[in-house]
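To keep things clear, I will list the structure first and then write my remarks on it.
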Amino acid sequence: MTHFLAVERAVRTAAPHALLDTARAALVEYYEATDVDLLMADYSLTVLRPVTALPHTAPALPVHSSPEGRAFGSQEPYGQYVAHNGTIDLHLPVTVRGDRLGILTVRLPKHRCTPEAIDELTEVAELLGHEIVVAERDTDLYLQARRVSRLTLAAEMQWQLLPGRACSRQEYAIGAQLEPAYAIHGDNFDWATTAENLTLTVTNGMGEGIEASLLTNLAVNALRNARRAGIGIADQAALADQAIYGQHHGEAYVSTLLFSFELATGHAQVVDAGSPQLWRQRDKTVERVPFEAQLPLGMFEETAYVAQEFRVLPGDRLVFVSDGVYAAATRAGETYGERALARAIQAASLLPAAAVPRAVLQELASYRGTDADAADDALVVCLDWFGRATREVSAR
């Protein structure tokens with residue numbers, strides 16, 4: 001443990017752009033590592049890209065057919081024997097509160113690859129993840145390493161607006177993904193938690209390119225501003241509606257699904273203001289959950305919104321999708337539809353929440369075919385609800 005503390009001290013005091021170099025030097029000194037690499041998951045979650053000096057020319061590794069990808073998918077350390085010199089490559093998940101950032105690979109002499117060392121190095125990888133999140137305020141190094149190709153300006157704005165791609169707590173786990181990852185327009189998701197509540201929003205802004213991204217930025221920040229003022233979701237929707245209408249006078253609007261969950265009980269309030277859908281998997285049953293449809297945000301002046309009641313049970317999986325998923329079509333005009341979407345959700349039953357959105361979007365891509373271009377953004381958010389222990393609920 002003394003060695004871990006020494007590495008921790010070195011990494012925490014490193015310059016933002018020098019986290020990997022500092023970690024590498026410390027791991028060589030204290031664990032006899034012979035090589036250390038950091039790989040970041042790209043925006044589409046299909047490859048892992050090494051963090052190197054610009055212009056990041058080191059080859060990427062596939063998530064689905066590499067040892068590093070195996071550790072990334074399982075979120076468990078994975079050891080790979082290196083035959084030519086008898087060392088072990090340890091592939092360690094770099095994850096922050098459920099948000100999978102990448103993989104730290106540490107090459108060790110076989111005699112140093114003990115269970116204790118693996119545990120400590122797993123903690124080093126988690127520490128590095130937290131430091132990367134902080135460092136991204138001051139350096140572009142890790143964001144640039146995530147790019148297989150250039151983001152459109154609209155996509156750049158959207159990714160910077162997102163809270164992350166996953167989040168987990170005792171009561172729930174969330175996973176989310178947007179496609180096309182490098183050219184998204186107006187779809188967005190957001191969440192925020194307190195000790196007692198989880199607020200989750202799924203947004204579908206109309207239009208394309210910069211106009212759609214600007215519209216969604218206005219909507220999301222208006223909702224955040226209202227939420228941070230401590231008001232309920234019905235009034236959050238009303239204030240965001242006023243902000244959007246005041247700017248666009250009904251010529252542009254935003255479809256939004258807003259949820260506020262009480263963590264202790266699973267009781268929730270819902271405002272359905274547009275096109276995003278909710279699907280629920282309870283036991284082996286997958287079904288769409290309809291709500292009373294209300295007007296999209298910004299369509300008319302001073303729209304009043306009413307929250308509906310909803311209940312989620314421990315073991316429930318909620319999957320939120322935008323119209324770019326359920327209304328997607330092949331070149332022949334065949335829409336994806338409810339039956340195919342239910343099958344895709346069912347097929348992902350055994351996956352953790354963080355992996356479900358990508359799996360559903362892959363099913364969608366297979367259905368649409370390689371010859372069909374995406375006509376709209378496709379957004380999937382998965383919420384696995386665990387609830388609190390019975391004794392905690394009864395104590396309230």
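Since every read-out is calculated from the coordinates, none of them should be taken as a lab result. As the structure is a computational prediction, the values presented were derived from the model and not from experiment. Cβ sites come from the backbone with ideal geometry, for glycine too, and all protein chains shown count toward neighbours.
Charges only on Cβ, +1 for Lys and Arg, -1 for Asp and Glu: so what's the dipole of segment 206-352 about the Cα centre, in debye to the nearest 20? Before the final figure, lay out the partial values.
On the way: 12 positive and 17 negative charges, 144 e Å.
My answer is approximately 700 debye.
For segment 189-259, rounded, prolate or oblate, judged on the Cα gyration tensor with a ≥ b ≥ c (square roots of eigenvalues), a/c < 1.5 rounded, else prolate if a/b > b/c? The partial results should precede the final answer.
Details: a/c = 2.48, a/b = 1.69, b/c = 1.47.
Prolate is the answer for segment 189-259, as a/c is 1.5 or above and a/b outweighs b/c.
Using Cα pairs under 8 angstrom and six or more residues apart, how large is the relative contact order of the chain, in percent?
On the way: 844 pairs, mean separation 53.2, N = 396.
Relative contact order for the chain comes out at 13 percent.
What size of dipole, in debye to the nearest 20, comes out for the chain about its Cα centre when the only charges are +1 on Lys and Arg C-beta atoms and -1 on Asp and Glu C-beta atoms? Before the final figure, lay out the partial values.
Values: 33 positive and 50 negative charges, 160 e Å.
The dipole magnitude comes to about 760 debye.
Could you give the length gained by full extension between GLU156 and GLU196, i.e. 0.36 nm per residue of separation minus their alpha carbon distance, to one decimal place? It would help to have the intermediate numbers written out before the result.
On the way: separation 40, 0.36 × 40 = 14.40 nm, distance 3.24 nm.
Taking 0.36 nm per residue and subtracting the Cα distance, the gain is 11.2 nm.
Put +1 on the Cβ of each Lys and Arg and -1 on the Cβ of each Asp and Glu in segment 181-323; which of LEU215, ALA226, LEU263 then has its Cα farthest toward the positive end of the dipole?
Comparing the listed Cα positions along the dipole, LEU263 ranks first.
Roughly what angle does helix 337-347 make with the longest principal axis of the chain, taking Cα atoms, 0 to 90 degrees, to the nearest 10?
Roughly 30 degrees between the two axes.
Relative to the compact-globule scaling 2.2 N^0.38 Å, provide the ratio for the alpha-carbon radius of gyration of segment 111-231. Numbers along the way, then the final one.
Details: Rg = 17.7 Å, N = 121, 2.2 N^0.38 = 13.6 Å.
With N residues counted in segment 111-231, Rg over 2.2 N^0.38 Å equals 1.30.
Using a/c under 1.5 as the rounded threshold, could you call segment 142-296 rounded, prolate or oblate? The axes a ≥ b ≥ c are square roots of the C-alpha gyration tensor eigenvalues, and prolate needs a/b larger than b/c, oblate otherwise.
Details: a/c = 1.56, a/b = 1.17, b/c = 1.34.
Taking the square roots of the gyration eigenvalues as a ≥ b ≥ c, segment 142-296 is oblate.
Once the dipole of segment 219-348 is set up with Lys and Arg at +1 and Asp and Glu at -1 on Cβ about the Cα centre, which of MET299, VAL254, PRO276 lies farthest towards its positive end?
With unit charges placed on the Cβ atoms, the residue in question is PRO276.
Among the GluC sites (Glu not before Pro) in segment 242-298, which ones are in a DSSP loop with at most 14 other Cβ atoms within 10 Å of the Cβ? Mind listing them?
On the way: sites: GLU251, GLU262, GLU287, GLU292; in loops: GLU251, GLU292.
In loop regions of segment 242-298 (DSSP not H, G, I, E or B), the sparsely surrounded GluC sites (Glu not before Pro) are GLU251, GLU292.
Where does the charge balance sit around LYS284 when Lys and Arg score +1, Asp and Glu -1, over other residues with C-beta under 13 Å from its C-beta?
Numbers: positive: ARG280, ARG282, ARG317, ARG343; negative: ASP283, GLU287, ASP316.
Spelling it out: positives minus negatives among the neighbours equals +1.
(i) 21.4; (ii) 26.5; (iii) 19.1: which one is mean projected area of the Cα convex hull in nm² as calculated from this entry?
Here the calculated entry is (i).
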